[in-house]
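The values are calculated or read from the model by the stated rules, or taken from the named source; none is laboratory data. Predicted model only: the values in this text are computed from it and were never measured. Glycine also receives a Cβ, built like all others from the backbone with ideal geometry; neighbour counts cover every protein chain displayed. In case anyone asks, the SASA skips ligands and DNA or RNA and just uses the protein heavy atoms, side chains included. Shrake-Rupley method; radii C 1.70, N 1.55, O 1.52, S 1.80 Å.
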Amino acid sequence: MSGSLLRRVRVAEVEQVANRIKRFRLVDIDNAPLSEFSGGSHISVVMHSGDRLMRNPYSLMGSPTDTSSYQISVLNCGNDSRGGSKFMHDAVSVGSELEISEPLNLFPPCKLARKHILVAGGIGITPFMSMMNELDALHCDFELHYGVRSLEEGAYCKYLQSRYGSRVNVYLQDQGQMIPLESVLGSQRLGTHMYVCGPKPMIDWALQTAELLGWPAENVHSEQFSAPPPGKPFVVKLAKSGREIEVRGHQSILEALEEHGVDAPFLCRGGACGQCETGVVSCDGFIEHNDHFLTEAERVSGKKIMICMSRIPSGSITLDL
Amino acid sequence: MTISTLKSRPTYPGLSPDHNARSNIIVCDKAGAEAVTELFSRADDTFAKRSTVIVAEGTTDQDAETLKTALAPATVGFQPSLETGIARLREFLKDAPMGLRLYAAGSEPLIGSVVQAAADYSIDHLSIRTEHRGSLKRRVQCVHCKGFTENVTTNPVTCSHCGLTLMVRDHYSRRLAAFQGVCIDAEVPGEVPETEALYQ
Ligand SMILES: Cc1cc2nc3c(=O)[nH]c(=O)nc-3n(C[C@H](O)[C@H](O)[C@H](O)COP(=O)(O)OP(=O)(O)OC[C@H]3O[C@@H](n4cnc5c(N)ncnc54)[C@H](O)[C@@H]3O)c2cc1C
Ligand code: FES
């Protein structure tokens, strides 16, 4: 499928940019030019950590027209994660080789907007790095509102302020500063669009604030860095081939299928794009839907599952694969 | 009928109030005004207070009075034609802030003109709440001379600019706010199917 076209890259530079955040610069293994991308795009990084195979999406940060290298920033989620981000921090250094997917954009700026309001929380700054680069080059009107825990925890605060000046507003939580979203959104002219990326509660808050101020849904956009939540092991039965595959507690269905050589469609691996939608033939108990794609009615019907994010508590589920 | 298998054919789901909008601008013709009255009856009282209605069709003084009463407490403005109505709409949109919700109710040329003007102010057509009422008349663009023929109620129709006999297609352009008209007797001039009053 489209998501499985891979390219080998080498790590050319690693920089600690904040307490738990590292920036990685990736170049093609043969120094061939990389594909151009659009602001807001991400790539998937394939990681082989021990016997585990992971593919984590990371937003591209640099200039969309720079094809000599890609830059990503990774927040170390530490020991309470499945370990992809920890692997990037501990095991990847200058000279390491990785595999990446081609860029994919599920968070592009709206071309017709008269102004762009970018709202970021913590590591959620990353998609806006390339977006601002693009908007600035096109002379588009934008402003950034960026909330971080502290200057030490927040990446690129100084850099952004020196590059974009008063268009960048940084809010330090440890100083009691909050993004004054209501007043920011309350005084924008018609044709303004808002984009939000950050922790889920922040995204929910921003979307709700915009809605209550009468912003049409078409003018608000969000990207959530969701990762498949862990659970207990269960069994996936494939109706067409008759195979049975075990999904471990720290695996998604998609990852388990891939580990066993089953080629399933995917793109975003974050429950957003809809590519991995799979029919459910039968299921023990309830599906834990963790995606942002299916409608409420589809969830309740129990006939569909997004296999990159969702799982069942225990027992087995039979998929139309 | 406003249903078609052609994708470009717009659909009009009906008016519903956006209770969060800080101001509502509603453009309608006389037939569409009924849909606006119904919209107000479904919404809370403050909704109409935050609303401005532009009636973009000539009305008698008596009609205007009746409408004003029916649409109270909204601010109601009367314009003699669709053209002047759209010019008035543009004045409202020019310096408006976010939080404004746009509505259109009436004939397809009216709805199409509202959507077309709104695009100049970066309003996404999907965020405009629309309801079709009254005549099925269409605005048609001749694909040959590019001229527009207004208030088309028949198919085929004679192009008011170049005189060709045009078959009116469901192919719609949002940018032009018009349906496409294609010469129907190009092969054998004069061989024209019977004219049907499809868009009364
Ligand atoms: C479109 C998109 C773009 C992204 N861009 C970026 C980016 O630019 N930078 C970036 O750093 N990240 C980004 N992410 C997130 C990234 O892909 C990973 O999800 C993240 O790095 C964490 O991966 P992980 O393997 O370390 O942890 P995962 O296991 O994937 O964990 C994610 C979170 O789940 C929780 N968790 C996992 N396992 C457990 C457990 N056993 N017990 C309790 N809690 C658990 C943790 O709190 C952890 O923070 C993006 C995600 C998407 C969908
Ligand atoms: S891969 Fe995009 S929703 Fe699952």
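Please report the carbon-and-sulfur percent of the accessible area for the protein assembly as shown; probe 1.4 Å, protein heavy atoms only, DNA, RNA and ligands left out. Carbon and sulfur together cover 51 percent of it.
Helical content alone sets the calculated 222 nm signal of chain A at -5000 deg cm²/dmol, taking -39,500 (n - 2.57) per DSSP H segment of four or more residues and averaging over every residue.
Which is farthest toward the positive dipole end of region A:234-319 among A:M309, A:H250, A:A297, measuring Cα position about the Cα centre, with Cβ charges +1 (Lys, Arg) and -1 (Asp, Glu)? Going by the charge dipole, the pick is A:A297. I'd like the orientation of helix B:108-119 relative to chain B: the angle between its Cα long axis and the longest Cα principal axis, in ° from 0 to 90, rounded to 10. Tilt relative to chain B: about 70 degrees. Using only Cα positions of region B:23-132, each an equal point scatterer, no hydration layer, compute I(q)/I(0) via Debye at q = 0.21, 0.23 Å⁻¹ and quote the log10 values to two decimals. The Cα Debye sum returns log10 ratios of -1.14, -1.38. Its Cα gyration tensor gives the protein assembly as shown an equivalent ellipsoid. The semi-axes, each the square root of 5 times an eigenvalue, are 49, 29, 24 Å from largest down.
Listed by chain and number, the aspartates and glutamates placed with their C-alpha closer than 15 angstrom to that of B:K7 are B:D170; residues fewer than eight positions away on the same chain are left out.
What the Kirkwood sum gives for region B:41-81 is a hydrodynamic radius of 10.6 Å, with every pair of different alpha carbons counted. Which values of log₁₀ I(q)/I(0), to two decimal places, follow from the Debye formula for region A:228-292 at q = 0.11, 0.24 Å⁻¹ with a uniform point scatterer at every Cα? Each listed q corresponds, in turn, to -0.25, -1.36. Computed from Cα atoms, the angle from the helix B:30-42 axis to the main principal axis of chain B rounds to 40 degrees.
Calculated FRET efficiency, A:A297 and A:D204, Cβ-Cβ r, R0 22 Å, to nearest 0.05?
0.55
In this label model, B:E91 and A:E244 are separated by 7.6 nm, measuring between points 7 Å along each Cα→Cβ vector. Pair-distance distribution of region A:6-101: all C-alpha pairs, bin width 10 Å, starting at 0; shares per bin in whole percent are 16, 54, 27, 3.
The angle between the Cα long axis of helix B:61-71 and the longest principal axis of the Cα atoms of chain B comes to about 60 degrees, rounded to the nearest 10.
For the pair B:S127 and B:E83, label points projected 7 Å from Cα toward Cβ lie 3.0 nm apart. Kirkwood radius, region B:45-200, all distinct C-alpha pairs, inverse of mean reciprocal distance: 17.3 Å. In the protein assembly as shown, a dipole from Cβ-located charges (positive for Lys and Arg, negative for Asp and Glu) runs towards its positive end, and of B:T130, A:L138, B:T84 it is A:L138 whose Cα lies farthest in that direction.
For the pairs A:K240/A:K303; B:K94/B:K137; A:K240/A:K304; B:K30/B:K68; A:K22/A:K158, flag any whose C-alpha to C-alpha distance is greater than 21 Å. Cα-Cα > 21 Å for B:K94/B:K137; rest within. Contact order, relative form, for chain A: 15 percent (alpha carbon pairs under 8 Å, 6 or more residues apart, mean separation divided by residue count).
Under the simplified labelling scheme, the B:V192-A:C140 pair shows an inter-label distance of 4.8 nm, with each label point 7 Å from Cα along Cα→Cβ.
Quick check: Cα centre of region A:199-275 to Cα centre of region A:81-131, how many Å? Cα centroid to Cα centroid, the span is 17 Å.
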